[in-house]
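Below is one structure, written out as structure tokens; the observations come after it.
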Amino acid sequence: MEELVAGVRKLGIEVDIKHQKLFRLYYQELLDWNKKINLTAITDYKAVKVKHFLDSLTVISVITGEELTNPHLNIIDIGTGAGFPGIPLKIILPQVRLALLDSTAKKTAFLVHMVEKLQLLDVEVITGRAEEMAHFPAYRQQFDLVVSRAVAPMSTLVELTLPFCRIGGRLVAHKKGKIEQEIEKANEAIDILGGKFVRTEKMNIEELDEERYLVVVEKIRSTPEKYPRRSGMPARRPIGKNN
Ligand code: SAH
């Protein structure tokens with residue numbers, strides 16, 4: 001657990017014995033279910049702790065004090081897969097309300113199992129495509145924080161995520177690689193969807209091997225009704241002349 005504990009400490013958070021127990025259980029179940037369904041290519045314990053758990057928890061570095069003390073903070077993780085970054089965040093911040101959304105029913109079956117096993121409260125698991133679920137009033141513009149990791153390039157991702165974000169809320173996207181170019185290409189989409197690019201935060205945590213970034217986008221206006229477009233369109237024809 002040293003890497004996880006030391007890495008998370010750099011985010012200003014202590015991983016206690018109770019958290020460690022939950023992370024261990026999460027790892028065991030992940031590995032067990034991974035034999036039947038494809039959840040992760042990373043199976044070594046140390047690697048899972050760093051590349052999945054610690055990496056997920058870096059989101060904490062951009063959560064403000066105001067958000068942390070908000071007893072009703074409402075987070076949705078779009079394309080969460082095996083629960084990243086949503087579940088590690090919920091383990092460390094048990095007071096938040098969390099929605100985990102993925103279109104693959106096998107993955108959401110694992111998530112339902114995991115939520116029960118870890119006895120996490122106030123977690124909703126949603127099976128469905130972001131393009132469709134974002135039009136449901138219960139989810140549209142309802143979340144303070146929308147998180148997403150490894151789902152799509154920014155120009156597509158903003159259409160899948162910003163519609164869930166309330167005005168004044170934020171999108172925090174996990175990214176690696178040539179991030180400036182990606183954001184440049186997404187600028188028009190961000191504007192059309194009611195967002196405003198805030199900043200890119202480079203993660204300076206030595207435990208993480210690769211360069212990682214968090215891209216923060218604020219929601220400043222309502223997303224026009226027609227977005228997201230029908231399933232598949234955000235990926236096939238991303239918004240914007242440069243795409
Ligand atoms: N966030 C996880 C999983 C990334 S893989 C992680 O970082 O490990 C991408 C996931 O997004 C897959 O589980 C896939 O089923 C889901 N996904 C892709 N497009 C989606 C969409 N339009 N709506 C909902 N889920 C989607």
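Quick notes on this one:
- Taking a ≥ b ≥ c as the square roots of the eigenvalues of the Cα gyration tensor, an a/c ratio of 1.5 or more together with a/b larger than b/c marks the range 201-243 as prolate.
- Counting 0.36 nm for each residue step from LYS176 to SER231 and taking away their Cα separation leaves a gain of 17.3 nm.
- What a 1.4 Å probe finds exposed on the range 2-236 is 51% carbon and sulfur by accessible area, rounded to a whole percent.
- Paramagnetic label zone (point 7 Å from Cα along Cα-to-C-beta, THR64; backbone N under 16 Å) in the range 161-179: 166-172
- VAL216-HIS72 FRET efficiency (beta carbon distance; Förster radius 30 Å; 0.05 resolution): 0.90
- The range 183-188 - phi-based ³J(HN,Hα) in whole Hz, Karplus 6.51/-1.76/1.60, Gly and Pro as x: 5, 3, 5, 9, 4, 5
- For q = 0.17 Å⁻¹, Debye-computed log10 I/I(0) when each Cα of the range 44-174 counts as one equal scatterer: -0.85
- Note on the chain: Cα-Cα pairs beyond 30 Å make up 21% of the total pair count.
- Computed with a 1.4 Å probe over protein heavy atoms only, the accessible surface of the range 142-243 comes to 47 Å² per residue.
- Cα centroid of the range 115-148 to Cα centroid of the range 191-208, whole Å: 21 Å
- Magnitude of the charge dipole for the chain, about its Cα centre and with charges confined to Cβ atoms of Lys, Arg (+1) and Asp, Glu (-1), is about 620 debye.
- Packing around the peptides 201-211, 15-25, taken as the average count of other Cβ atoms within 10 Å per residue, puts them in this order, highest first: 15-25, 201-211.
- Phi-based couplings in Hz for the range 137-146 (Karplus 6.51, -1.76, 1.60; Gly and Pro marked x): x, 5, 10, 5, 6, 10, 10, 6, 9, 10
The values are calculated or read from the model by the stated rules, or taken from the named source; none is laboratory data. From a predicted model like this one, the values you see are computed outputs, not experimental measurements. Cβ atoms come from the backbone with ideal geometry, glycine included; neighbour counts cover every protein chain shown. Calculation scope for accessible area: heavy atoms of the full protein, side chains included, ligands and nucleic acids excluded. Shrake-Rupley method; radii C 1.70, N 1.55, O 1.52, S 1.80 Å.
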